[in-house]
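One structure is given below, encoded as structure tokens.
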Amino acid sequence: MTAQHIAALQGIAAAAAAANALFFARFWRQQRDRLFACFGAAFALMALSWGLLAFTDPTDETRPYIYGARLIAFLLVIAGMIDKNRQR
């Protein structure tokens with residue numbers, strides 16, 4: 001697979017993650033549930049990381065700021081689930 005194909009797939013993944021972020025942001029606005037806010041922020045960070053990879057060298061994923069954005073995204077998902085389960 002060439003670098004152009006990988007960049008195109010990462011661009012598609014970034015667009016899908018951004019659409020998911022908007023989806024969860026809409027639900028957060030309607031219901032004011034922090035779980036939706038955490039998921040929306042996590043998907044926005046994933047969109048950012050895939051977008052950065054698509055515009056830089058798409059085959060070199062060893063940059064710490066890309067992994068840092070992904071780590072924060074997954075920590076937001078975990079924090080959102082813990083917060084949701086503690087409310088009960």
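The values are calculated or read from the model by the stated rules, or taken from the named source; none is laboratory data. Here the structure is a predicted model, which is why all the values come from computation and not from measurement. Positions of Cβ are generated from backbone atoms using ideal geometry, with glycine treated the same way; all protein chains shown enter the neighbour counts.
Provide a single number: the residues in segment 38-66 that are surrounded by fewer than 20 Cβ atoms within 10 Å (Cβ to Cβ) and at pLDDT below 85.
Qualifying residue count for the region: 12.
Residues of segment 6-37 being outside any helix (DSSP H, G or I) and surrounded by fewer than 16 Cβ atoms within 10 Å (Cβ to Cβ), which ones?
Across segment 6-37, the qualifying residue is only 32.
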